[in-house]
Amino acid sequence: MTDAQTAAERIAELRSEIEHHNYRYYVLDEPNVPDAEYDRLFRELRALEEEHPQLVTPESPTQRVGGEALTVFGTVKHEVPMLSLGNAFEEQDLVDFARRVREGLDLPAGDLFGDGGKVEYSCEPKLDGLAVSLLYENGQLVRGATRGDGTTGEDITANVRTIRNIPLKLHGTGWPPVLEVRGEIFMSKAGFEKLNARQAELGGKTFANPRNAAAGSLRQLDSKITASRPLELCSYGVGRSDGELPKTHYDLLQALKKWGLPISRELKKANDIQACLDYYRDIGARRDELPYEIDGVVFKVNDIGQQRELGFRAREPRWAIAHKFPAREEVTELLDVEFQVGRTGAITPVARLQPVQVAGVTVSNATLHNMDEVARLGVMIGDTVIVRRAGDVIPQILGVIADRRPSDAREVHVPERCPVCGSDVERTQLIKRSKGRETVSEGSIYRCVGRLACQAQLKQAIIHFVSRRAMDIDGLGDKIVEQLVDRELVRSPADLYTLTYEQVFDLEGFADLSTKNLLASIDNSRKPTLARFVYALGIPEVGEETAKLLARSLGNLERISRALPEVLTYLPDVGNEVAYEIHRFFSDEHNQTVIRQLLERGVALQDEGGVHPEYAASTTLAGFLGKLDIPYVAVTGAKNLAERFKSLDALIEADWLDLSAMKGVNERAKRAVREFFEDPDRSAKSRAIEAQLREFGMHWESERKKVEGLPLTGQTWVLTGTLEAMSRDVAKERLEALGAKVAGSVSAKTNCVVAGPGAGSKLAKASELGVKVLDENAFIAALDAMS
Ligand code: IVH
């Protein structure tokens, strides 16, 4: 604030700037400032308003926090009733609708799709949320209401004011003095997931789906609760208004957008019913990718004059229709709960259901995730349950219809022995660590202790090992893995590499050629990258990304398998749990045998190398001391100890006098340091960690090296023809690991083409453009030189 500027002026300036950013973010989806900048403006405004409370107005962006809780909602009468929509389920329903529209408008009938008289439609998704009415008087939001029975709704003004993308004041000019906006309040899929995770953590109620979450959040007597929920508005029309408005629905929504109200990004015009059907198919195909749930699309006659002419029938407009998608939720009976054993031995309950059609597919099984979920749902065998199927995901049980519970319903119990191998079932309490302190959460998992001796775990381990993103053994489907395990031909992943022609040929469904093909693809998998191999091992908690990180940072299998958990936690994103899982996996004797056998049987890792320079010199002595968890030694204490003693050895060797003379560390901490290192186990352990860090090149003697980029950063490579020494996928991964982009076609921008035998047009194009070409041998040599 400059001297000349008053607080009032600055407040006005900040509000308008924040509103502008809100508009860009929520309505245009084109934010142009980083979050930090926005937060700074917001904080400045809040501080100024705190200093000058008389300048706070209800429209200020700071006022979206909710107010006093109500005891009851007031009622609101809708002067223009809030109607519902007729539904179309089949294409024919839509064709009939179009015919009725044409008849209503006295337009001539046409062919099947009614092209006789043209009617333009406006198309929008049908969001699955709750209808609201928002009343703006002279541009100010003065009232929000639910739909209620369509004539009378509830006054939820305090609640809607907390919703971030609802403007408290209309933007621009040209809006009528009275404007009642109608729209849907919904929760995005991501917002819903986050809210449920938060609720679960706090031990609160979780919601079955985003719609229920939106409803439960909006109809809160305490608007502070609404303020904490990720609700959004999508406007789709106007109720009351007292001025000139655009002549088409499409233009009306564009005007709302201009005035700061969010509308659907999927809004489109269609010039006949065929185009509406195309829209329905297109949105249907993208249904899973949309960030919010929809249950159909809505078509509205675009011309408002025509809408008036058509009017209403009972409680539905004749000018609009909802074309519904198949329902994703259905009701059925839970026949039984069985237990499945996963790759890591986790025993998970699976619901066996009375088969039911959901979104066009018969569903007879659904996942129940774990016993905590069973408890949360309160589900019993025999219950009537709500199942949901969406996209490719496994059907889920959303809830129980409690009043349909039969008298002979049974509780769900975890078996005491593994249903597959009969081993003991062990219960592990899930432990959540928050900020170094251990907090025991209520969750628990049940595990079969049989490991690879349990056929279920063995099968899953092999299925994972051969999968496309792991060892990529083509043609080894789940059914074949089952046979191999059932016939005891394979007892560990290493046994895949000793399978003989006769053994495979004998399997069901195999003939000469298919046997040779499978053996060839097993053979071809012998040259994985280190990252793929680590991923294929199926270490608990180690997904593809962690495997890549381990490979990239530690460089070879030997280091990864020997790394102490404390050393692993120096890698970004590797926390204590993951580090211990990795260490435990490689310390296990059986796992060591399998890995040794794999290597003896010809699996050769392609890209082993040194420790990545980024991790060398990645620690400080102070950081190291901080991680030792010496009581009372926090960041500053560790820093001061490091500065004074310069090395771990000196600190361990320090006598009491040295320590007690030292400043910047309190008495309790000094005593704790002495006691810690007096314990021979602890000092030996600390030395071992330090020695390994040093051996891996992760030391604190030099400045941390900044890695500017990888050898091929900014380059585009193209692979063509057949590569013999490695698969295309592996070649691509190795190039990407070096920073290159791998493209599918050659252009003047291509830096290099790798051409194997059989290369055709891409090779020709490369020569024509003068792009560098490498054969496979030269390529491998180049890779080795750069790795
Ligand atoms: S127009 C007179 N457009 O669906 C027309 N409704 O079954 C009134 N809905 O209560 C509704 N998305 O809550 C319209 N793009 C959309 C919609 C939509 C969702 C809901 C709305 C309404 C219900 C009608």
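Here are a few things to note about the model shown:
- Between 0 and 90°, nearest 10: helix 635-645 axis offset from the chain longest Cα axis: 30
- The separation of the stretch 33-98 from the stretch 590-644, counted between C-alpha centres, amounts to 50 Å.
- Inter-label distance for E137 and E44, nm, one decimal - labels placed 7 Å from Cα along Cα-to-Cβ: 3.5
- The dipole here belongs to the stretch 86-179: it is taken about the Cα centre, uses +1 on the Cβ of Lys and Arg and -1 on the Cβ of Asp and Glu, and is about 660 debye.
- Using alpha-carbon coordinates, inclination of helix 273-285 to the longest axis of the chain, degrees: 30
- With a cut-off of 19 Å on the backbone N, the residues of the stretch 484-520 near the modelled label site 7 Å out from E600 along Cα-Cβ are 489-500.
- Between A688 and A743, the simple spin-label model (points 7 angstrom out along Cα→Cβ) gives 5.2 nm.
- Theoretical gain in end-to-end length, S84 to R417 [0.36 nm per residue, Cα-Cα removed]: 114.4 nm
- Euclidean distance between Cα centres, the stretch 165-216 to the stretch 331-374, Å: 31
- Note on the chain: with charges restricted to the Cβ of Lys and Arg (+1) and Asp and Glu (-1), its dipole about the Cα centre is near 760 debye.
- Take every pair of alpha-carbon atoms less than 8 Å apart whose residues are at least six positions apart; their mean separation over the length of the chain yields a relative contact order of 7 percent.
- Cross-link partners of K169 among aspartates and glutamates (Cα-Cα below 14 Å; sequence separation of 8 or more within a chain): E17, E19, E59, E137, E180
- If a spin label sat at a point 7 angstrom from the Cα of E9 along the line to its beta carbon, no backbone N atom of the stretch 166-192 would be nearer than 14 Å.
- In terms of surrounding Cβ atoms within a 10 Å radius of their Cβ, Y446, Y632, Y121 rank from fewest to most as Y632, Y446, Y121.
- Under 18 Å from the E695 label point (7 Å along Cα→beta-carbon), backbone N, the stretch 588-604: 588, 592
- T636/E614 FRET efficiency (R0 30 Å; Cβ-Cβ; nearest 0.05): 0.65
- Nearby lysines by direct alpha-carbon distance to K627 (threshold 28 angstrom, same-chain neighbours under 8 apart not counted): K432, K435, K548, K639, K646, K663, K670, K685, K705, K706
- Farthest toward positive dipole pole in the stretch 307-430 [+1 Lys/Arg, -1 Asp/Glu at C-beta], among V363, A327, V414: A327
- If R0 equals 35 Å, the separation of the Cβ atoms of R64 and R315 corresponds to a calculated FRET efficiency of about 0.55.
- Cross-link pairs K257/K300; K118/K247; K189/K459 - those with Cα-Cα distance over 25 Å: K189/K459
- Computed label-point distance, nm, for sites R405 and R219 using a 7 Å Cα→Cβ extension: 2.4
- Charge dipole (Cα centre; +1 on Lys/Arg Cβ, -1 on Asp/Glu Cβ; no other charges) of the stretch 528-651 amounts to roughly 280 debye.
- Estimated FRET transfer efficiency when R0 is 56 angstrom, pair A208-Y580 (beta carbons, to 0.05): 0.95
- Computed from Cα positions, the angle between helix 189-201 and the longest principal axis of the chain comes to roughly 60 degrees.
- All aspartates and glutamates inside 12 Å of K77 as judged from Cα atoms, apart from same-chain residues fewer than 8 positions distant: D149, E154, D155
A short reminder: the numbers here are calculations on the coordinates, not readings from a lab. Since this is a predicted model, take the numbers as computed values, not measurements. A quick note on method: Cβ atoms are made from the backbone with ideal geometry, for glycine too, and the neighbour counts reach across all protein chains shown.
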